[in-house]
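The values are calculated or read from the model by the stated rules, or taken from the named source; none is laboratory data. For clarity, every value in this text was computed on a predicted model and none was experimentally measured. Positions of Cβ are generated from backbone atoms using ideal geometry, with glycine treated the same way; all protein chains shown enter the neighbour counts. Only protein heavy atoms, including side chains, enter the accessible area calculation; ligands, DNA and RNA are left aside. Shrake-Rupley method; radii C 1.70, N 1.55, O 1.52, S 1.80 Å.
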Amino acid sequence: MNNIDFSFSDMVAGYVTDFDPHQGAFGTFTLKTSDGRLFEVALTSTTYAELVRNLGEPYYDCTSQMKTMLVSDRYLFVYGIFYHEAGEHKLEAKHIVFLGRTENEYIFEKQDWWINQIGSLANFYLKAQFEDGEIDYRKYRTGIGLVGSKEDSNRQETDTISRLVYGFATAYMMTGDERYLEAAEKGTEYLRQHMRFLDEGEGICYWYHAIDVKPDGSEQKIFSSEFGDDYDAIPAYEQIYALAGPTQTYRITGDPRIMNDIELTVNLFNKYFLDTTDKGGFFSHIDPITLSPHSQSLGHNRAKKNWNSVGDHAPAYLINLWLATGEEKYADFLEYTFDTIEKHFPDYDHSPFVQERFYENWDHDTAWGWQQNRAVVGHNLKIAWNLMRMNHLKQKEKYVTLAEKIAEIMPAVGSDQQRGGWYDVLERILEPDQKIHRFVWHDRKAWWQQEQAILAYLILTGSLENPEYRRLARESSAFYNAWFLDYQAGGVYFNVLANGLPYLLGTERGKGSHSMSGYHSFELAYLATVYTNLLITKQPMDLFFKPKPGGFKDNVLRVAPDILPPGSVRISEVWINGQKHSDFDAESLTVKLPSSQEELKVRVRLLPTQVFFDATHLESANGIAKISLSGLLDADGVKRLQEEFAKATEKPLKRLVLLLQDLECITTAGMRALIFIKQKLGPDVELYVVGAQVQVEHFLRMSAFCEGIKLVDEYEAIELASV
């Protein structure tokens, strides 16, 4: 019975072990999956291949080079057809996706991959919500279709606006694009004006579930949740995510009004959601009238605790709040939540998955709503990721132990080791005679759960330097970038099938819903850049801020990108309103802002502490490009210099300005790179070298590099008409 003796299509992900161009009509190669299974794959006359691409990039065809690219140890995806012949299933490839131009390259580890992706995501949501016109949140709608069209609904949910605001704020931090900051600030103000409930007598703030915008422009406030199992309650996670966007915006601007809202909402958590008895933790729901977690009206949510009410504080707003303020009370709050998770969530005597639902006394609730006794794969990975972040703030062996335990268990039970990617919801317990944890509804893969896996294994790699974690991070990133990006309409798909094809039915068809907005995909782009560049590949990263006058305490801007291993990152350079600024503490990652009555645009260059050379393309305008060099320009720094030179010369130039004030030394390899750059500029482009230190200037002169260039102590822009 159940003999699969028919043809079917499917995908296999794995590493090439060998390729024989003479076997079969067009050649055959062997693929080894993540868990060690071997597949023999035959090429056909119609097999085609491509290189994985980012949002906004063209199709990169690799078909003509395909056979030369099938080299050992190369990770790739094969989509093909299985034919049942001679008692086995023979796989013929129809579509191959390569992850880099060489077997050792994973193109999504490029310094600007995720930066470019977040810009494309931000542009998609700007167009979808505001039709490329004025950023007016009265136009905002929660439901967004596949191609960015708004669904026929007047609903504006607080959490989805906040999550989109988070996305715009984060996109600004990574790109400095003023449109994104405008969208973040206007969205934050819209939340404050329309969704906020200030109770000054109680000293708390809470947030409406949603508003319905009527045709005449008036509003119907929706106080308690109208979503599924949270109906007629105030769920903790909605109040938590209401802070996601405003807190990220506060990191950029220091707006004291936003901080006041955050503090009053934290008061709400501590006053009404916190279990102040010796049981501890946070309740998952409170009654909208009495604000009590024990009200009979809450039904199955009465006196309950869950993953969201305890664990979502940290990633949604609390870590960003600590990064922005450095206040110990927020570090203590973080420690409390992680100690609670470590104490109550593991359940490894019964299941490979953590427990997520609890009664008031921490007994397991295995009969609640949709969850029953089921596991969300992404929540396990989210715990591992955030435990490592917390361990960088307050080191505890138990944090790392649990994070590594989750990281080691999850691939076998929560990932697809044939096709790549991570599953959604599984049964926590095996039934008799079962060896595989059953899918609850389907074997589809959601975008947000891929994010949790990528970030978990990236931060584990950067913190513990375990090659197994890097392999898993790469495989997870590969699946996401190969199959979740919508190249036609923009944005990312909600769900894909197990084989990577997008699932486009029901509520999972769209790009905006109660469950999806501009949060997880933006957060992934941001933190994947942070962990990859600063911890793993050792590349620089820029962050942008725009503090309001007197916004931050003592005029100190905190620019730590995340809670990273102590001493792993330093500030290399700072520019304020385009001018170099030297008043910063490189190790503590703080910038002392000048007194000003105007907003200041701050650009901060962060470097891994091990990096000794950096180049920064500062600007290109009116035919003039500027590149700043710092540290030691040796053979290892040449690639970095060439990358920035390529950016500077994307448009025709009349003048290139090299700012060398912070270049301490140059080797012959570095000198040859500069000479080559000078050659590539051609005779019609002026080259200025500014502020070279004595030893660097001496070397430049000895190499005859200074002939035909302008060597000056300071650079003053000259009108191109005079060039």
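In table form, for the structure just shown:
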item: Accessible area in square angstrom per residue, the stretch 90-146, 1.4 angstrom probe; result: 37
item: Tyr336-Gln488 pseudo-label distance in nm [points 7 Å out on the Cα-to-Cβ vector]; result: 5.0
item: Estimated inter-spin distance, Glu85 and Lys398, nm [label 7 Å along Cα→Cβ]; result: 6.0
item: Packing rank of 485-497, 521-533, where each peptide gets the mean count of other beta carbons within 10 Å, highest leading; result: 521-533, 485-497
item: Burial order of peptide ranges 276-286, 154-164 (average beta-carbon count within 10 Å, highest first); result: 154-164, 276-286
item: Size of the stretch 1-120 as Cα extents on the principal axes (Å, biggest first); result: 51, 34, 27
item: Euclidean distance between Cα centres, the stretch 92-162 to the stretch 501-550, Å; result: 9
item: Net charge of neighbours whose Cβ lies under 12 Å from the Cβ of Phe82, counting Lys and Arg as +1 and Asp and Glu as -1; result: -4
item: Computed over the chain: relative contact order in percent, which uses C-alpha pairs under 8 Å that are six or more apart; result: 10
item: Helical mean residue ellipticity (222 nm; -39500 (n - 2.57) per DSSP H run of 4+; nearest 500) of the chain; result: -10000 deg cm²/dmol
item: Antiparallel bridge percentage (DSSP; both residues within the chain; nearest 5); result: 80
item: Debye, to nearest 20: dipole size of the stretch 473-572, +1 on Lys, Arg Cβ, -1 on Asp, Glu Cβ; result: 320
item: Cα-based Rg of the stretch 223-358 normalised by 2.2 N^0.38 Å, two decimals; result: 1.08
item: Cα-based Kirkwood hydrodynamic radius, the stretch 588-723, one decimal, Å; result: 15.9
item: With every protein chain in place, the chain: carbon and sulfur % of accessible area (1.4 Å); result: 49
item: Rounded, prolate or oblate (a/c below 1.5 giving rounded, otherwise prolate when a/b exceeds b/c) for the stretch 85-184 by Cα gyration tensor; result: oblate
item: HN-Hα J in Hz across the stretch 136-146 - Karplus 6.51, -1.76, 1.60, θ = phi - 60°, x for Gly and Pro; result: 10, 6, 5, 7, 4, 9, 5, x, 10, x, 4
item: Inter-label distance for Asn260 and Glu643, nm, one decimal - labels placed 7 Å from Cα along Cα-to-Cβ; result: 4.4
item: Spatial separation of Cα centroids for the stretch 287-360 and the stretch 578-621, in angstrom; result: 37
item: Mean Cβ neighbour count within 10 Å, used as a protection proxy, ranking 308-316, 267-275, 238-246, 357-365 highest first; result: 238-246, 308-316, 267-275, 357-365
item: Contour minus Cα-Cα distance for Lys214 and Leu146 (0.36 nm per residue); result: 22.0 nm
item: Gyration tensor (alpha-carbon) shape descriptor, the stretch 399-489, a/c threshold 1.5; result: oblate
item: Largest to smallest principal axis extent of the C-alpha atoms in the chain, angstrom; result: 84, 79, 55
item: Shape of the stretch 416-543, Cα gyration tensor, a/c cut at 1.5; result: oblate
